Amino acid sequence: MTNTTSNTCELVWDNCLKIIKDNVNAQSYKTWFEPIKPVKLEGSILTIQVPSQFFYEWLEEHYVSLLRKTIKRELGNDARLEYQIIVDNNSNHNPYTINIPTYAAPASKNPDVAAPLVLGTPIKNPFIIPGLKKVNIDSQLNNAYTFDSYVEGDCNRLARSAGYAVASKPGGTSFNPLVIYGGVGLGKTHLAQAIGNMVKQNFSNKTVLFVPSEKFTNQFIDALKNNGVNDFIHFYQLIDVLIVDDIQFFANKDRTQDIFFHIFNHLHQSGKQLVLTSDRPPRDLEGMEERLLSRFKWGLSADLGTPDFETRIAILEKKMYNDGIDLPREVVEFVAYNISNNIRELEGALISLLAQASLNRKEIDVELAKKIVKNFVKSISREVSIDYIQKAVCEYFSVQPDKLKEKTRKRSVVQARQLSMYLAKNFTKNSLKVIGRHFGGRDHSTVIHSCQAVKDMMDTDKDFRESVVELEKKIQLSIS
Ligand code: ADP
Ligand code: MG
């Protein structure tokens, strides 16, 4: 009996997967659908198991309509999907919760790539540098950059988990290369180094090398000048985990790209791990050879976003803890609130604060923090707050702001509430969870639902659409 049930549930899910596969790109499919396990089918309710809360939220946010359509096609109009979330009962030291598919030969698996993995021009008799042994290679890592000191948040969860997976099994996951991208000061170098440090700790026989792309370029130019290109190639071919930081600087350097392409191929083909960082997603890298870009797509590209308020506080607190400092909570909050899109600046402000306090023998309070932060950011960041949005919307629809947090189902209130959520999602960097909290503790799925409802209504109701546009203008004005 149970057997048949589980069989049918797997069958149904298999059919769903076939449809999904046709509707999402290969990378998304691999990342978000392969790890799902069908659990049971009761009537028209299919339960699937997902590896984490984050994973679930991601599916709900990005794939809810596809999932809904697919499952209705399989199970009829009453079909419902339920999730079972694996609770992470690993210790705190193991943040790795996403189920990583194991390594598969990329050339055969990846439909984007037809070319077989061969070296473009054969490297003839690589000259072996006398005495150069793998053990002698200095990794160029900074051992302060570890996973332990890297705070996890919504902004970096995928990249961090993928990095952790790669460091646990270098060359043995499908995340090869792992491309970590994101804006300045958001932790790319830290994370890339953390991978290197962890590999070194766990696999003493593996050779790790961290190299900024400019250094790679300069070494190559030197090699060209000194007739040492073979040495150069040979050196890089010895590496088991090659981490190249800021690959955007390879742009328009054709010969460097060419040599990197050969090294990349050689390492990848030998099952070695590549980790690359970039200040933008691979698809936006200009001045880069197409064949190189297509290589980058073989693995996983994971972005680092700007950390939300809670993560910023956690980062400051971690830093304070590591340095043995204690600051009033309100000071920490002030700094975290006002410096929002660069973690390096966040740390810089903390350091200046401490320096000022000790030089002038002043107590560290919000007043001092205000002075420091002012010097730090050109204009104090003016992200619009959820409160402001709520007020603006309520004023517009003549609704009492408190009502948004209550359970009222009155139409005008519901509309104002849904629209406020929608605007909060679009105009602030808050997570769905945080937004929900501002509306009387509603959960993130209510926020998703509200956003969808607003979009639907904008499609069908012209007056409503105009109201939204007007409110958007008002909010935009308040921040510019
Ligand atoms: P990027 O390479 O993206 O410009 P970095 O890796 O140099 O940024 O990070 C800037 C600073 O912020 C570093 O001191 C780093 O340790 C710190 N940092 C970044 N992300 C985190 C994080 N998630 N947790 C703790 N510190 C972080
Ligand atoms: Mg960097």
### Query
If you take the square roots of the eigenvalues of the alpha-carbon gyration tensor of segment 157-304 and sort them as a ≥ b ≥ c, do you get rounded (a/c under 1.5), prolate (a/b over b/c) or oblate?
oblate
### Query
In what sequence, highest mean first, do 358-371, 143-156, 185-198, 313-326 appear when ranked by Cβ atoms within 10 angstrom?
185-198, 143-156, 313-326, 358-371
#### Entry: segment 314-368 - Debye-derived log10 I(q)/I(0), Cα point model, q = 0.13, 0.17, 0.21 Å⁻¹
-0.27, -0.48, -0.75
### Query
Summing -39500 (n - 2.57) over the DSSP H runs of n ≥ 4 in the chain and dividing by its residue number, what mean residue ellipticity at 222 nm do you reach, to the nearest 500 deg cm²/dmol?
-16000 deg cm²/dmol
### Summary
Both in Å, the radius of gyration and Dmax of the C-alpha trace of segment 386-479 are 12.0, 31
### Query
By per-residue mean of other Cβ atoms within 10 Å, what is the highest-first order of 246-253, 421-428?
421-428, 246-253
### Query
Please state the relative contact order of the chain as a whole percent: Cα pairs under 8 Å, 6+ residues apart?
12
### Query
Ranked from highest to lowest mean number of other Cβ atoms within 10 Å per residue, what is the order of the peptides 404-415, 262-273?
262-273, 404-415
### Query
Shape of segment 252-382 from its Cα gyration tensor (a ≥ b ≥ c, root eigenvalues): rounded if a/c is under 1.5, otherwise prolate when a/b > b/c, or oblate?
prolate
### Task
Give, as ranges by residue number, the residues of segment 419-444 whose backbone N falls under 12 Å from the point 7 Å along Cα→Cβ of Ala453.
419-422
### Task
Can you run the Rg to Rh ratio on the chain? Use alpha carbon positions and the Kirkwood inverse-distance Rh.
1.01
### Query
Going by alpha carbons, how many degrees (0 to 90, nearest 10) lie between the helix axis of 2-23 and the longest principal axis of the chain?
80
### Task
Select from Leu423, Ile343, Asn322 the residue farthest towards the positive end of the dipole of segment 309-424; place +1 on Cβ of Lys and Arg, -1 on Cβ of Asp and Glu, and compute about the Cα centre.
Leu423
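Read-outs: derived from the displayed coordinates by stated rules, not from any lab. These numbers were taken from a predicted model, which means no experiment stands behind them. In this analysis, Cβ positions are derived from the backbone assuming ideal geometry, glycine residues included, and neighbour counts consider all displayed protein chains.
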